[in-house]
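The values are calculated or read from the model by the stated rules, or taken from the named source; none is laboratory data. Note that this is a predicted model, so its numbers are computed, not measured. Cβ: placed from backbone, ideal geometry, glycine included. Neighbour counts: every protein chain shown.
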Amino acid sequence: MDIKGDFFVLGIETSCDETSAAVVRNGREILSNVISSQTDAHRKFGGVVPEIASRKHVELVIPVIDEALKEAGITPERLGAIGVTYGPGLAGALLVGVSAAKALAFGWNLPLVGVHHIEGHVAANFLEHRDLEPPFVCLIVSGGHSHIVYMKDYGEFEILGQTRDDAAGEAFDKIARALGLGYPGGPQIDRAARAGNRDAVKFPRVYFDGESLDFSFSGLKTAVLNYINGFVQKGEPVPVEDISACFQEAVVDVLVNNAFRAVRLKKAREIVLAGGVAANSRLRERFREEAVSCNCSFYYPSPVLCTDNAAMIAAAAYYEFRKGRIAGLDLNAVPGLRLGTR
């Protein structure tokens, strides 16, 4: 779809426990990105409680949208479209954002664009790297997702690998909880690992036969939990830093090896990181090293754009709109939405 002049998209994201709204110009420039996190509300439970998340979204979604428009200095009349995450994610949480987006699209007479959450994470990189264009290989790793994709064009993805059980971020959260590090687990493990010896113990790495680039972290998670329990049963102090470092190294090894196998498979010149785990310092360090050896460029977003946020949804919506992918007011939340389906 041809777009003339500046095009402003209001993005809305409520797939999990962040209520976010943002205004993005031309798919690349953030004018506002308001994020209201519920981390404190869920921390005492060691993870996200879906019912609490949904209720918080109901309370926050309209105030957050109002703040995003105000911060951007944009009135509804200047918006070109509204983009919203409609899957995957928590059913109740998604419904809040989708309902708000549909109501505003109807009331303001604006096109509505449904955005896949993983596509949003990939698009986060467009907001900081103006020179980045498809095609490229991208590793998306978060609490709910572990995917290797080849982005052939805007909105066009080939899935090269994905998790067969636990996502990487989920494994980080569970091991952090077992080590008494708290929630969210990713930053806590990363911090503890810096003081640990990553060679103290060799935890398993799972690779599948043949050409598969899929992931599996359930066996690693079980091995680490059993190792921790061994210290507990003997009444010995648990070496938190060493276990954190060795667990993190096992996860990073698999992510890096599979991602760069994908780079070689596709003869890609760019490798991109996205998702919450993309903020992990060791993962970024290893990616930089491998990118140099593969002679390819490495891109990643800043930490705030690694988390769930509406700016990435607005960016993805801009490119979906350009392809003419407009949703009807019958758009519904799809908690198990697969990448590449519409």
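Figures for the structure shown
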read-out: Selected residue (only one of Val277, Val263 is assigned to a helix (DSSP H, G or I), under 10 Å from Val137 (Cβ atoms) and touching a strand residue (DSSP E or B) at 6+ places or on another chain (Cβ under 6 Å)); value: Val263
read-out: Flag for Val23 being touching a residue at least 60 places away in the same chain (Cβ under 8 Å), within 15 Å of Ile82 (Cα to Cα), β-branched (Val, Ile, Thr) and crowded, with 21+ Cβ neighbours inside 10 Å; value: yes
read-out: Pairs with Cβ under 8 Å, 6+ apart, first in segment 123-139 and under 22 Å from Ala22 (Cα atoms), second surrounded by fewer than 18 Cβ atoms within 10 Å (Cβ to Cβ) and at pLDDT below 95; value: Glu128/Ser302
read-out: Qualifying residue in segment 78-98 (condition: modelled with pLDDT of 95 or more, of a type in the set (D, E, K, R) and crowded, with 20+ Cβ neighbours inside 10 Å); value: no
read-out: Residue in segment 110-135 that is surrounded by the most Cβ atoms within 10 Å (Cβ to Cβ), counting only those that are in contact with a Pro (Cβ under 9 Å, 6 or more places away or on another chain) and in a loop (DSSP other than H, G, I, E, B); value: Leu110
read-out: Verdict on Glu241 being touching a helix residue (DSSP H, G or I) at 6+ places or on another chain (Cβ under 8 Å), under 21 Å from Arg177 (Cβ atoms), of a type in the set (D, E, K, R) and in the same structural domain as Ile148 (by TED's automatic domain parsing); value: yes
read-out: Enumeration of residues in segment 30-64 that are assigned to a strand (DSSP E or B) and at pLDDT 90 or above; value: Ile30, Leu31, Ser32, Asn33, Val34, Ile35, Ser36
read-out: Meets criteria (at pLDDT 95 or above and either at positive phi or assigned by TED's automatic domain parsing to the domain that holds Glu241 (or both)) for Leu181; value: no
read-out: Flag for Leu283 being outside the structural domain of Gly210 (by TED's automatic domain parsing) and either outside any helix (DSSP H, G or I) or farther than 20 Å from Asp131 by Cβ (or both); value: no
read-out: Which numbered condition Val64 misses (of (1) among the aliphatic types (A, V, I, L, M); (2) surrounded by fewer than 18 Cβ atoms within 10 Å (Cβ to Cβ); (3) free of Cβ contacts under 8 Å to residues at least 60 places away in the same chain); value: (2)
read-out: Contacts under 7 angstrom Cβ, first residue in segment 307-330 being part of a helix (DSSP H, G or I), partner buried (at least 23 other Cβ atoms within 10 Å of the Cβ) and of a type in the set (Phe, Trp, Tyr), 6 or more apart; value: Ala315/Phe126
read-out: Odd one out for Gly143 among (1) within 15 Å of the chain's Cα centre (by Cα); (2) outside any loop (DSSP other than H, G, I, E, B); value: (2)
read-out: Sole residue being over 21 Å from Asp165 (Cβ atoms) and free of Cβ contacts under 8 Å to residues at least 24 places away in the same chain, chosen from Arg288, Arg269; value: Arg288
read-out: Residue among Asp173, Asp253, Asp190, Asp242 that alone is crowded, with 21+ Cβ neighbours inside 10 Å, of a type in the set (Asp, Glu) and not in a loop (DSSP other than H, G, I, E, B); value: Asp173
